[in-house]
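Written out below as structure tokens is the structure these notes cover.
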Amino acid sequence: MKEVKNFINGEYRASSIGSTFDNVDPCTGAVIGSVHEASREDVDAAVTAAREALAGPWGTMTEAERSELLHAVADGIDRRFDEFLEAECADTGKPYNIASHIDIPRGAANFKVFADAIKNFPTEAFQMPTPDGRGAFNISVRKPKGVIAVISPWNLPLLLMTWKVGPALACGNSVVVKPSEETPTTTSLLGEVMNEAGVPAGVFNVVNGFGPDSAGAFLTEHRGVDAITFTGETRTGEIITQAAAKGLRDVSMECGGKNPALVFADCDMDKAIEGTLRSVFANCGQVCLGTERVYVERPIFDAFVNRLAAEAGKFKLGVPQDKTTDMGPLVSHEHQRKVLSYYELAVAEGANVVLGGGVPDMPDELAGGAWVQPTIWTGLSDDARVVREEIFGPCCHIRPFDTEEEAIALANDTPYGLAASVWTENMSRALRVSPQIDCGICWVNSWFLRDLRTPFGGSKESGIGREGGVHSMEFYTELQNVCIKI
Ligand code: NAD
């Protein structure tokens, strides 16, 4: 049984109130570890350590020195790659062949990218006239915001947490991270890597626990926190934004989605099938950027539905270590209950179940896991809850369309605005359609192709602000104008 403790001021600490909760293997339902829940006092200790770290050596380091340390952190993740991989897959149930290509390498890359970016992050200067003819210079000075609260979800735990911690530290802030209660292990392990790399105590802290009345709320309500960066559900984002309103603290919100794919008859069908298979089913559908609504131009509708269902029907469900596994379980029984409730609702709302729709038969040793079948529906109305609400499972609804205008209107008929993909070989159409979709990131003939310098985030109820490249750096710094009269 592994114990996951809080990481405060450079050391692992047990819960001060002796409270622990179970870490459960989603493949089997077995308890594999115990997690120390941070009390209000523990969270306060973490925020205090983070504040004090800003006044210590960390606060006077040059950008080049911080950059070197963050490269050492990235090297530390690379060196302990197998430990991170094992921990991430044990917590989430995701296949090694996904986590070893995406989650863990991106965990290291998130430090490397921002360690390099900080050395080339310019500021601005303006020369202005004054009545006496001598003029003045304005210089924009960038400073760290201070103590950053990082609240992260369970679907890509290391990747999404380091996506925030990397730029926050590059810009000279200190952080207190509250990882998801479902997936605390890799965040905790990062504490060891920080110590090995020589990051000063208190710069990186981890508090474990839940949201309301637990570490999440204690941290976001803490007035020693200067800004909050959050990835998770839109409803949670609203609660955290309210907490941040006290003291007018800045927020970055990466929230939910109900992302569309538009498949035009002039697409390359092989590419569209391969890309949509990934965008719907990768990580068992637990990707914020994943597709849950597929709109296909009528002439190729039947062929597309049949091919997608035939390919998804071949998926092998299994344990992370098995190299032939295509899809793991959902992260938890709680999430399994949620996804299965939508599978039932789809039928009640009149869906035609093309594939799946229930719980797969698994071998006895995996029967206690959070498994669901890959699922495809057609025939639902545009106002069905299954078409409007984020499910976050391996499922999609496919609907035909007749014109480009209709496809755009359908794509935008959602309160969310995170991602979209457009499949067409006609680049004029791609350039015409993509900017008309209300979303933060629109892929053409691809999905999840990421350049970490580009803006990443959502419009409408999918979020506030952008991360990535200079956009992250802008969030994690405060700009001051210094005006010098000559
Ligand atoms: P969640 O909102 O339930 O939890 C996210 C984090 O917030 C967890 O650490 C949780 O403990 C914490 N939390 C919950 N209530 C809180 C509260 N009142 N105060 C403070 N913290 C609180 O989300 P989840 O189920 O972990 O993740 C899935 C969701 O995340 C989906 O909606 C998905 O679309 C979204 N997501 C978005 C992105 C993106 O980049 N836009 C990326 C990944 C996931």
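The values are calculated or read from the model by the stated rules, or taken from the named source; none is laboratory data. None of these values were measured; they are calculated from a predicted model. With ideal geometry, Cβ positions are generated from the backbone for all residues, glycine too; neighbour counts draw on all protein chains shown. Surface areas here come from the heavy atoms of the whole protein model, side chains and all, with no ligands, DNA or RNA. Shrake-Rupley method; radii C 1.70, N 1.55, O 1.52, S 1.80 Å.
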Kindly provide the set of residues from the stretch 195-214 that are more than 8 Å from the ligand (Cβ to nearest atom) and of a type in the set (Gly, Ala, Ser), ordered by number.
ALA197, GLY198, ALA201, GLY202
Give the number of residues within the stretch 243-257 that are more than 20 Å from LEU158 (Cα to Cα), more than 9 Å from the ligand (Cβ to nearest atom) and not β-branched (Val, Ile, Thr).
7
Selection within the stretch 215-233 - in contact (Cβ under 8 Å) with a residue 60 or more places away in the chain, more than 6 Å from the ligand (Cβ to nearest atom) and open to solvent by 10 Å² or more (accessible area, probe 1.4 Å)
PHE218, HIS222, GLY224, ASP226
Search result, residues across the stretch 151-173 that are in contact with a Phe, Trp or Tyr (Cβ under 7 Å, 6 or more places away or on another chain) and of a type outside the set (A, V, I, L, M)
THR162, GLY166, PRO167, CYS171, ASN173
May I ask you to say which residue of GLU52, GLU37, GLU11, GLU65 is of a type outside the set (A, V, I, L, M), closer than 23 Å to VAL199 by Cβ and within 27 Å of the chain's Cα centre (by Cα)?
GLU11
Among the residues of the stretch 188-214, which ones are under 19 Å from the mean Cα position of the chain (by Cα) and farther than 30 Å from LEU479 by Cα?
SER188, LEU189, ASN208, GLY209, PHE210, GLY211
How many residues of the stretch 141-151 are open to solvent by less than 10 Å² (accessible area, probe 1.4 Å) and within 9 Å of the ligand (Cβ to nearest atom)? The answer is 1
Could you give every pair whose Cβ atoms fall below 7 Å, whose first residue belongs to the stretch 275-293 and is within 13 Å of the ligand (Cβ to nearest atom), and whose second residue is among the hydroxyl-bearing types (Ser, Thr, Tyr), counting only separations of at least 6 or pairs across chains?
GLY290/SER279; THR291/THR276; THR291/SER279; THR291/SER421
Looking at the structure I just gave you, is GLY257 surrounded by fewer than 19 Cβ atoms within 10 Å (Cβ to Cβ) and of a type outside the set (A, V, I, L, M, F, W, C)?
no
Tell me, please, whether a residue that is in a loop (DSSP other than H, G, I, E, B), farther than 30 Å from SER174 by Cα, of a type in the set (Asp, Glu) and more than 15 Å from the ligand (Cβ to nearest atom) can be found in the stretch 372-393.
yes
So, of the residues in the stretch 418-438 that are in a loop (DSSP other than H, G, I, E, B) and touching a helix residue (DSSP H, G or I) at 6+ places or on another chain (Cβ under 8 Å), which turns out to be surrounded by the fewest Cβ atoms within 10 Å (Cβ to Cβ)?
ASP438
Is it the case that ARG298 is among the charged types (D, E, K, R), open to solvent by 10 Å² or more (accessible area, probe 1.4 Å), under 30 Å from VAL444 (Cβ atoms) and touching an Asp or Glu at 6+ places or on another chain (Cβ under 7 Å)?
yes
Out of the residues in the stretch 394-417 meeting the condition of being over 18 Å from ALA346 (Cα atoms) and within 16 Å of the ligand (Cβ to nearest atom), tell me which one is most open to solvent (accessible area, probe 1.4 Å).
PRO415
Count of residues meeting criterion [in contact with a Lys or Arg (Cβ under 8 Å, 6 or more places away or on another chain) and open to solvent by 60 Å² or more (accessible area, probe 1.4 Å)] in the stretch 326-341
1
Residues of the stretch 294-318 satisfying the condition of being assigned to a helix (DSSP H, G or I) and without any contact (Cβ under 8 Å) to a residue 24 or more places away in the chain:
ASP302, ASN306, ALA310
When residues of the stretch 453-470 are limited to those that are away from the ligand (no atom under 13 Å from the Cβ) and open to solvent by less than 60 Å² (accessible area, probe 1.4 Å), the one modelled with the highest pLDDT
THR454
Residues being surrounded by fewer than 21 Cβ atoms within 10 Å (Cβ to Cβ) and among the β-branched types (Val, Ile, Thr) - total across the stretch 25-61:
5
When the residues of the stretch 62-109 are filtered to those that are polar (S, T, N, Q) and out of contact with any Pro (no Cβ under 8 Å at 6 or more places or on another chain), which remaining residue is surrounded by the fewest Cβ atoms within 10 Å (Cβ to Cβ)?
THR62
